[in-house]
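What follows is a short report on a single structure.
The values are calculated or read from the model by the stated rules, or taken from the named source; none is laboratory data. Just so we're clear, the structure is a prediction, and the values are computed from it rather than from any experiment. Just the protein is used for accessible areas: all its heavy atoms, side chains included, with ligands, DNA and RNA removed. Shrake-Rupley method; radii C 1.70, N 1.55, O 1.52, S 1.80 Å.
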Amino acid sequence: MICAIMQPTYFPWAGYFHLIAKSDKFVFLDDAQFNKGSWQTRNYIISNKKKYLLVVPTKKSITKTNILSKKVHHETNFQKKHSKIINTVYSRYPYINDLKQLIRYFEKLEHKNLSELNTKIIIYISNKLDLNTKFYYSSQFNFQEKRTEKTIRILNELKATEYLSPTGSKEYLIEDNFEDLTNIKLSFSKFKNNEYKQEKLEKFIGNLSIIDLIANLGWKNTKDYVNSNN
């Protein structure tokens, strides 16, 4: 049984959904510490043929605040603003109608904190992509361990036989001697952000939010893209 664990991020890139697609169980690390300037609150789309950063406004909090406790600045009406920007810049893209389904959901989305905002978006997109992965939240286990020890405890709780990790975690998993601490198989995602046809662009711009992929390919082809064994 394959399990992946990731922090909930804002409109993630395709590689995030590839991890979900290749896992039987996926855990949102929602009790991880909030990190200003991380993908927890931002992601890129394309505007005027350049990368454009969408940022979720959040309220000030103490340094050790976790994603689950981080409050969003609803007073800025950022959902309506982001929806308008996305609809405007992608209005003439081939699958704007598919993208509008997502944006209508997002604009009306109710949430109590940053984690809930991100996880609801991710689950909605996963359902549209027909991903049958079962979702969990690290906070539901209330484990106090850190880094690799916490990861292993979650994996044991879910009876995982294989841990599928993003390549970005490889260094600290090796440093923490993951494979010496458990019999759970460790593997790393081999997903690559292969080029796809981007409307109005002569040179491909990669590592963008899933928003760009949906606008250019639509739900069906996006599903094939994130399921691919790159």
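Rounded if a/c is under 1.5, else prolate if a/b beats b/c, else oblate: with a ≥ b ≥ c from the C-alpha gyration tensor eigenvalues square-rooted, which is the range 66-164?
Working: a/c = 3.30, a/b = 1.71, b/c = 1.93.
Note, shape of the range 66-164 comes out oblate.
Could you tell me the relative contact order of the range 1-145? Use alpha-carbon pairs under 8 Å, at least six residues apart, and round to a whole percent. Provide the component values of the computation, followed by the final result.
Values: 198 pairs, mean separation 46.2, N = 145.
Computed over the range 1-145, the figure is 32 percent.
Using a 1.4 angstrom probe on heavy atoms only, work out the carbon and sulfur share of the accessible area of the chain in %.
Ligands and nucleic acids excluded, carbon and sulfur reach 46 percent.
Starting from 0 in steps of 10 Å, tell me what percent of the Cα-Cα pairs of the chain lands in each bin.
7, 32, 36, 20, 5, 0
Based on the alpha-carbon gyration tensor of the range 118-176 and its eigenvalue square roots a ≥ b ≥ c, which shape applies: rounded if a/c is under 1.5, prolate if not and a/b is larger than b/c, or oblate?
Values: a/c = 2.01, a/b = 1.57, b/c = 1.27.
Prolate shape, in that a/c is at least 1.5 and a/b is the bigger ratio.
If the limit is 29 Å between Cα atoms, which of Lys112/Lys170; Lys112/Lys134; Lys59/Lys128; Lys60/Lys159 go over it?
Values: Lys112/Lys170 32 Å; Lys112/Lys134 22 Å; Lys59/Lys128 31 Å; Lys60/Lys159 38 Å.
Pairs exceeding the cut-off: Lys112/Lys170; Lys59/Lys128; Lys60/Lys159.
In µm²/s, what is D for the range 1-117 at 37 °C and 0.692 mPa s, where D = kT/(6 pi eta Rh) by Stokes-Einstein and Rh is the Kirkwood radius from Cα pairs? Kindly include the intermediate steps, with their values, before the conclusion.
Values: Rh = 15.5 Å.
Translational D for this selection: 211 µm²/s.
Could you name the aspartates and glutamates in cross-link range of Lys71, using Cα to Cα under 20 Å and dropping any fewer than eight places away on the same chain?
Asp30, Asp31, Glu107, Glu110, Glu116
From the square roots a ≥ b ≥ c of the eigenvalues of the alpha-carbon gyration tensor of the range 165-216, which class results: rounded (a/c under 1.5), prolate (a/b over b/c), or oblate?
Working: a/c = 4.37, a/b = 3.55, b/c = 1.23.
Cα axes put the range 165-216 in the prolate bin.
Given a cut-off of 12 Å, what percent of all Cα-Cα pairs of the range 65-116 lie beyond it? The partial results should precede the final answer.
Values: 898 of 1326 pairs.
Considering the range 65-116, 68 percent of its Cα-Cα pairs are separated by more than 12 Å.
Taking a temperature of 10 °C and a viscosity of 1.306 mPa s, what whole-number D in µm²/s does Stokes-Einstein yield for the range 103-230 with Rh from Kirkwood over alpha carbon pairs? Please list the in-between numbers first.
Numbers: Rh = 17.4 Å.
Value of D from the Cα-based Kirkwood radius: 91 µm²/s.
By how many degrees, 0 to 90 and rounded to 10, does the Cα axis of helix 78-89 deviate from the longest principal axis of the chain?
Rounded to the nearest ten degrees, it is 60.
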